[in-house]
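**Student:** Before we start, here is the structure in question, set down as structure tokens.
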Amino acid sequence: MSRVKVFDRGGLSQTQMDRDLWFKVDETLLNEEKRILFLKRKEAIDLYVNNEKSLKEIFSCTGIDRRNLIRLYNRCISYDENALPWGYRALIPGKNIKKYELDPLSKKSNVSRKTGEFKLLLDKYPQIRDEIDDLFFGRKKS
């Protein structure tokens, strides 16, 4: 996908496009390794959006290639659960921006690992979740 297609694909709101409206990240809270990677990603996104350098120049400055840059930009403009763009928060290393959900009707469920089935149980029986929370957090029932 070329740079023109990313910016001109239409349907982007002002909050998605305007980086001044994106939530800021306090990178001092990240450990050294994650902070360095976050700052490289942020620099690459800023250079990309400002159209200051070519994709090759961005790669040479930050080590982030075109494919990864487009992926990161799409993460930044995607919406969180509060219908706000993820912005720079999406660049935090290891940050999951999509909530994991197991499709109970999926034909591809991993039978050997049972991934997500405990969450399905808690979703189906919320009183079990409440009981676990009470026991784990030491809450007393009223």
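**Student:** Keeping every protein chain present and rolling a 1.4 Å probe, give me the accessible area per residue for the stretch 19-73 in Å².
**Tutor:** Details: 3610 Å² over 55 residues.
Per residue, the stretch 19-73 has 66 Å² of solvent-accessible surface.
**Student:** Something else now. Provide the per-residue ³J(HN,Hα) series for the stretch 68-73, in order, calculated from phi with Karplus coefficients 6.51, -1.76, 1.60 and θ = phi - 60°, each as a whole number of Hz, with x at glycine and proline positions.
**Tutor:** 5, 4, 5, 4, 5, 4
**Student:** Once fully extended, how much extra length lies between K40 and F118, figured as 0.36 nm per residue of separation less the alpha-carbon to alpha-carbon distance? Mind showing how you got there, number by number?
**Tutor:** Values: separation 78, 0.36 × 78 = 28.08 nm, distance 3.74 nm.
Fully extending the segment from K40 to F118 adds 24.3 nm.
**Student:** So between S60 and I132, what do we pick up on full extension, going 0.36 nm a residue minus the alpha carbon distance?
**Tutor:** Details: separation 72, 0.36 × 72 = 25.92 nm, distance 5.06 nm.
Working it through step by step, the gained length comes to 20.9 nm.
The values are calculated or read from the model by the stated rules, or taken from the named source; none is laboratory data. Please read these numbers as outputs of a predicted model, since none were measured by experiment. What goes into the accessible areas is simple: the full protein's heavy atoms, side chains included, and nothing from ligands, DNA or RNA. Shrake-Rupley method; radii C 1.70, N 1.55, O 1.52, S 1.80 Å.
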